[in-house]
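A short worksheet on the structure shown next.
The values are calculated or read from the model by the stated rules, or taken from the named source; none is laboratory data. A quick note: this is a predicted structure, and the numbers were derived from the prediction, not measured. Using ideal geometry, Cβ is built from the backbone for each residue, glycine included, and neighbour counts are taken over all protein chains shown.
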Amino acid sequence: MALRLCACVIAAVFALAAPPLQARPLTIVAIGASNTSGLGVGEQNAYPAVLERLLRQKGIDAHVANAGVWGDVTTGMRNRLDAAVPKGTDIVILQPGANDLRFFGTKQARTANIAAMVQHLHARGIRVIVYDPDPVPRDFYQWDGIHFNAAAHAKIAATLAAQITTAAKPAPAAQTSAPSPESPSAAAPTPAKP
């Protein structure tokens with residue numbers, strides 16, 4: 001009897017110490033405009049590709065699809081959402097960017113489009129992370145003052161990886177601020193842009 005109890009305790013200890021089993025790869029889609037696509041740094045240095053590498057380094061079998069389209073606005077993202085986000089997607093990273101305001105859109109329409117995308121994705125059972133820092137740190141930009149540099153993409157990926165690895169289950173849309181230059185993995189929820 002004591003031998004059986006000892007064997008059960010040992011088996012339980014090994015079971016608790018074993019890493020969690022991942023039934024299938026984690027499927028993530030990053031949707032946005034030119035900053036998501038990696039304009040100026042290349043797709044391999046854009047935050048979606050860097051995020052995938054970081055998650056795999058942490059032992060998470062993840063595939064991060066880059067659905068960034070140069071020049072896109074939130075209306076375009078909303079219109080292509082179902083085509084860009086296939087069935088079976090676990091997480092969508094929505095990086096709406098600033099093209100709406102750059103190309104004569106309004107803050108109200110931008111906010112409404114972001115909310116509609118989040119609501120639609122939640123209705124599909126998909127966790128949404130909205131990466132929409134305000135303000136964006138000045139050192140994030142390339143020479144043009146519009147597009148993220150490679151170091152910014154790395155910081156964004158680290159911030160997102162920390163959010164993804166610490167999340168135990170799907171949650172409502174997280175609004176994320178940009179990490180500070182001193183702390184690449186710092187992230188704090190911030191209110192939505194007006």
Is it the case that some residue within the stretch 69-80 is closer than 15 Å to residue 131 by Cβ, part of a helix (DSSP H, G or I), in contact (Cβ under 8 Å) with a residue 24 or more places away in the chain and not hydrophobic (A, V, I, L, M, F, W, C)? yes
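Which residue is surrounded by the fewest Cβ atoms within 10 Å (Cβ to Cβ), if the candidates are limited to the stretch 1-55 and must be hydroxyl-bearing (Ser, Thr, Tyr) and either part of a helix (DSSP H, G or I) or at pLDDT below 50 (or both)?
Pass one, the stretch 1-55, residues hydroxyl-bearing (Ser, Thr, Tyr): 27, 34, 36-37, 47.
Checking which are either part of a helix (DSSP H, G or I) or at pLDDT below 50 (or both) leaves us with 34, 36-37, 47.
Working: 34: 19, 36: 29, 37: 22, 47: 32.
My answer is 34.
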Is it the case, given these coordinates, that residue 145 is in contact (Cβ under 8 Å) with a residue 60 or more places away in the chain and in a loop (DSSP other than H, G, I, E, B)? no
Which residues, taken from the stretch 147-173, are at pLDDT below 95 and farther than 25 Å from residue 57 by Cβ? 172, 173
Identity of the residue in the stretch 85-121, among the aliphatic types (A, V, I, L, M) and out of contact with any helix residue (DSSP H, G or I) (no Cβ under 8 Å at 6 or more places or on another chain), that ends up farthest from residue 135 (Cα to Cα): 118
Restricting the stretch 106-135 to residues that are part of a loop (DSSP other than H, G, I, E, B) and in contact with a strand residue (DSSP E or B) (Cβ under 8 Å, 6 or more places away or on another chain), the one modelled with the lowest pLDDT turns out to be 133
Does the stretch 96-105 contain at least one residue that is in a loop (DSSP other than H, G, I, E, B), touching a Ser or Thr at 6+ places or on another chain (Cβ under 7 Å) and surrounded by 14 or more Cβ atoms within 10 Å (Cβ to Cβ)? yes
